[in-house]
Amino acid sequence: MKRGGVVLCLALVTTVGASCGRTSSAPQPCLQFSSDLMPDLAGGLIRKDFRIANAWAVKSDQMIDSSGVKFPAYFLSADIIAPSGEAVPATWVTTQIAKPGLIWSISPQAKKYTSWAKAGDSSTAGITMESMGAKASVVCVLNGRATSPRSGVTPRATTP
């Protein structure tokens, strides 16, 4: 009985120790994108009757190389909102989230609805929606919505 307790204790210590060493599986924190920069981000919208709201960022482990100068990369996601109220999340990569920085479109929605340069040039080589942090930034947007997950869908009236 005592030996079983020691084995169980060792198994527990091994499991906890192994999980503590895994930093890549830890959720990345959602970082608030500066509200002062929202007009700059919205300036890239192709349709001026659309707007951008609910912007969140996640720091990437990759760097942006702009003319030999390395900058930290942040995956920036926000809702692009149509005049009907329908919202679709879009994702960019940027060098800053607290002051103006460089911006590239990553997601199909960002490429379709904004005029920002498309990621994939020499500065953003290897940065895609599959990069660690890109999809996490979309989750930040979805969790940050004040309305139901079906944003833009008008609820039907129910009869008692």
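The values are calculated or read from the model by the stated rules, or taken from the named source; none is laboratory data. Because the structure is predicted, anything quoted here is derived from the model rather than measured. Neighbour counts run over all protein chains shown; Cβ positions are idealised from the backbone, glycine included. When the accessible area is computed, the model is the full protein with side chains, heavy atoms only, and any ligands, DNA or RNA have been set aside. Shrake-Rupley method; radii C 1.70, N 1.55, O 1.52, S 1.80 Å.
Counting the residues of region 45-65 that are closer than 16 Å to Ala82 by Cβ, of a type outside the set (A, V, I, L, M, F, W, C), surrounded by fewer than 17 Cβ atoms within 10 Å (Cβ to Cβ) and in contact (Cβ under 8 Å) with a residue 40 or more places away in the chain gives 1.
In region 19-41, the residue that is modelled with the highest pLDDT out of those that are among the small types (Gly, Ala, Ser) and open to solvent by 30 Å² or more (accessible area, probe 1.4 Å) is Ser35.
When Val139 is tested against (1) surrounded by fewer than 22 Cβ atoms within 10 Å (Cβ to Cβ); (2) at pLDDT 95 or above; (3) closer than 16 Å to Ile52 by Cα, only condition (3) is not met. Looking only at residues of region 75-100 that are open to solvent by 30 Å² or more (accessible area, probe 1.4 Å) and of a type in the set (A, V, I, L, M, F, W, C), we find that the one that is farthest from Ala125 (Cα to Cα) is Val88. Cβ-Cβ distances below 6 Å connect the following pairs, each with a first residue in region 66-91 that is within 16 Å of Lys48 (Cα to Cα), a second residue that is open to solvent by 30 Å² or more (accessible area, probe 1.4 Å) and hydroxyl-bearing (Ser, Thr, Tyr), and a separation of six or more residues or different chains: Ile80/Tyr113. Just one of (1) modelled with pLDDT of 95 or more; (2) in a loop (DSSP other than H, G, I, E, B); (3) among the small types (Gly, Ala, Ser) fails for Ala110. It is (2).
When region 117-138 is filtered for residues that are hydrophobic (A, V, I, L, M, F, W, C), farther than 14 Å from Val58 by Cα and part of a loop (DSSP other than H, G, I, E, B), the ones remaining, listed by number, are Ala119, Ala125. Taking the listed residues Ala146, Ala73, Ala98, Ala55, the one that is under 11 Å from the mean Cα position of the chain (by Cα) and either part of a strand (DSSP E or B) or within 18 Å of Cys30 (Cβ to Cβ) (or both) is Ala55, with no other qualifying.
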